[in-house]
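For reference, the structure discussed in these notes is given below.
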Amino acid sequence: MLVLIQLLLTIFAIFSALKFSEEVRLVIPLFCLIGMLVVSRVDKRKSDNRTARRVFLHSEIDKVSKKDSTVIKEQDFYTIDSILWPKNELLLIDTVHSIFKDLGFRISAGVSYHSVDRIVRIPETPIAFGLQILMSEGELEGNHPKIHRALRFEEEKKENEKSLIIASTHIHLPLSERSKVNHLSKEVGRFLMRHNMSFITTHHLYELWQKAKTGEIDIFDFFEKIYSRSSGTF
């Protein structure tokens, strides 16, 4: 986009030098040149920010993973950044969607429901999950709106469907610290037990994604176990 703006400014500067009067033909190219310099500075700053973010992600992943982060595909870094440090909930939902799709699940927006972010189905089985995908700066509390939506899904769901809450919690903590904190309150834990719902963090989902891609785990078997257990945190 910034390259296109620079190109347009260049074309306009040339056009003004050829077509406008002598007084104008000097002023307009000067302003165009200033504009191109500003655009160039903005582009460099964005590039520097992307580089710094990539270095940060490498560092964070190396701290908690036995696998060298340099082997991670470059296109996966956007997904990793979005699921572990989401900027907003819509971006988080889209990222979770792409991960389940990449893992081979059948995933849809769940248009038949009014209280679910996504419906995920395990291929060649009747098993399905109604996903509530959310983010929280700390542990998940019982007053979060998605908790109430999960209750509504319990009233709408069909046979072989189960509620699964996927939460990006403690989003400002380093990855190495997230295993040391609680990700849901005791109130939410009791709520999950009462209503036979399951819960995983996006950090855990990220780890499952990486292990499934390398063949370390059977991801469908893992989610079948989540379905078969009455409730709990994974």
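The values are calculated or read from the model by the stated rules, or taken from the named source; none is laboratory data. Source: prediction; values computed, not measured. Methodologically, a virtual Cβ is constructed for each residue, glycine included, from the backbone with ideal geometry; neighbour enumeration extends over all protein chains shown.
Observations, loosely collected:
- Test set (1) within 25 Å of Arg106 (Cα to Cα); (2) in contact (Cβ under 8 Å) with a residue 24 or more places away in the chain; (3) surrounded by 16 or more Cβ atoms within 10 Å (Cβ to Cβ) - Arg121 fails condition number: (2)
- For Glu187: the one exception among (1) part of a helix (DSSP H, G or I); (2) among the charged types (D, E, K, R); (3) within 23 Å of His114 (Cα to Cα): (3)
- Pair list, Cβ < 7 Å and 6+ apart or interchain, from the stretch 100-116 residues that are of a type in the set (Asp, Glu) to residues that are surrounded by 13 or more Cβ atoms within 10 Å (Cβ to Cβ): none
- With respect to the conditions (1) under 17 Å from Ile99 (Cβ atoms); (2) of a type in the set (Asp, Glu); (3) in contact with an Asp or Glu (Cβ under 9 Å, 6 or more places away or on another chain), Glu141 lacks only one, and its number is (1).
- Checked against (1) buried (at least 21 other Cβ atoms within 10 Å of the Cβ); (2) more than 20 Å from the chain's Cα centre (by Cα); (3) within 21 Å of Asp94 (Cα to Cα), Met197 meets all criteria but (3).
- Scan of the stretch 153-177 for residues that are of a type in the set (A, V, I, L, M, F, W, C), assigned to a helix (DSSP H, G or I) and within 19 Å of Leu205 (Cα to Cα), ordered by number: Leu175
Listed here are the residues, each with its yes/no results for (1) in the same structural domain as Ile147 (by TED's automatic domain parsing); (2) at pLDDT below 90; (3) touching a helix residue (DSSP H, G or I) at 6+ places or on another chain (Cβ under 8 Å); (4) more than 22 Å from Asp81 (Cβ to Cβ).
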position	(1), (2), (3), (4)
His172	yes, yes, no, no
Leu175	yes, yes, yes, no
Val188	yes, no, yes, yes
Phe191	yes, no, yes, yes
Thr201	yes, no, yes, no
Leu205	yes, no, yes, no
Trp209	yes, no, yes, no
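- Lys180 falls short on exactly one of the conditions (1) over 19 Å from the mean Cα position of the chain (by Cα); (2) of a type outside the set (Ser, Thr, Tyr); (3) part of a strand (DSSP E or B), and that condition is (3).
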